[in-house]
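Notes follow once the structure below has been shown.
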Amino acid sequence: LMLISYRYISVIQEEYDRLLEAAKVRCFVPRNNIHTYRTYAYLVAMVLVRSYERGLTVYQAMVLRGFKGRFYSLRKFHFGKGDVLLSMGVALCIGLLLYFDRAATVLTNF
């Protein structure tokens, strides 16, 4: 789900850039006036509307392919001893890196 969200952030950014470019082609110049604020409000509203429509289209495509609101896995996830040890090891490594980074920063300031 996060990968889908990450992918569509760039799509939304491209959509906004395309709309802003279209406004500039129509001689839009940003200034500090009500016309500029209204134009930006219209741009943001259009991006939101198109994002909603795109999301609806993606949802309809997923339903068409049999999506029922839940992501299924081939096997059930089990958090075992190995996962606990790996998590503790990663946390220890991150802690040591932060400690040594802080110690190096303190030593270089003297």
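The values are calculated or read from the model by the stated rules, or taken from the named source; none is laboratory data. This is a predicted model, so every value here is computed, not measured. Please note: Cβ atoms are built from the backbone with ideal geometry, for glycine as well, and neighbour counts cover all protein chains shown.
Per-structure values
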| item | result |
| --- | --- |
| Hey, Ala104 in a helix (DSSP H, G or I), over 27 Å from the mean Cα position of the chain (by Cα) and not assigned by TED's automatic domain parsing to the domain that holds Ser10 or not | yes |
| Residue in the stretch 33-60 that is farthest from Ile9 (Cα to Cα), counting only those that are small (Gly, Ala, Ser) and at pLDDT below 95 | Gly55 |
| Odd one out for Leu43, checked against (1) among the aliphatic types (A, V, I, L, M); (2) surrounded by 11 or more Cβ atoms within 10 Å (Cβ to Cβ); (3) not in a helix (DSSP H, G or I) | (3) |
| Residues satisfying the stated conditions in the stretch 63-85, i.e. at pLDDT 90 or above and either under 30 Å from Tyr16 (Cα atoms) or in contact with a helix residue (DSSP H, G or I) (Cβ under 8 Å, 6 or more places away or on another chain) (or both) | Val63, Leu64, Arg65 |
| Arg70 loosely packed, with under 10 Cβ neighbours inside 10 Å and either in contact with a Pro (Cβ under 9 Å, 6 or more places away or on another chain) or under 30 Å from Ser5 (Cβ atoms) (or both) | yes |
